[in-house]
1. Charges on Cβ only, +1 for Lys and Arg, -1 for Asp and Glu, centred on the Cα centroid of the range 15-81; of G26, I58, A80, which one is farthest towards the dipole's positive end?
2. Roughly speaking, to the nearest percent, how much of the range 15-81's 1.4 Å accessible area is carbon and sulfur?
3. If packing is taken as the average number of other Cβ atoms within 10 Å across a peptide's residues, how do 15-23, 32-40 rank, most packed first?
4. Can you work out ³J(HN,Hα) from phi for every residue in the range 46-57, in order, using Karplus 6.51 cos²θ - 1.76 cosθ + 1.60 and θ = phi - 60°, giving whole Hz and x for Gly and Pro?
5. Once all Cα-Cα distances of the range 15-81 are split into 10 Å bins that start at 0, what whole-number percent is in each one?
Amino acid sequence: MMNAGRDLFLQDAFKVGLISPLGHQGSIGCLVWDTSPDGVDVEIDPCAVVPDTVHLSIASLAIDRACAVVEREGCRLHLAYMR
């Protein structure tokens, strides 16, 4: 799931965050594995359904941003920050 360019900037985060579909109520808990300047890698419940664009909130890292799901591998997702 990782590519070589992203690996240079990754930092282990191991924090808990919330993913919310844009424009909808409710949220899905996630475990944040890695962060980079461009996005995050998270793990979600295998039964969770996540749309292609979401809002990510990680209080402990002061992240509160809209994201696009750019890669999916089982329960692991790579979310890229949207500008």
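1. G26
2. Numbers: 1930 of 3490 Å².
Carbon-and-sulfur percentage of accessible area, whole number: 55.
3. So the peptides 15-23, 32-40, ranked by packing, come out 32-40, 15-23.
4. Values per residue, Gly and Pro as x: x, 8, 6, 10, 10, x, 6, 10, 9, 10, 10, 10 Hz.
5. 23, 64, 13
The values are calculated or read from the model by the stated rules, or taken from the named source; none is laboratory data. The shown structure was predicted, so the numbers you read here are calculated from the model rather than taken from an experiment. All Cβ positions, glycine included, derive from the backbone under ideal geometry; neighbour counts span all protein chains shown. Please note that ligands, DNA and RNA were not included when accessible areas were found on the heavy atoms of the full protein model with its side chains. Shrake-Rupley method; radii C 1.70, N 1.55, O 1.52, S 1.80 Å.
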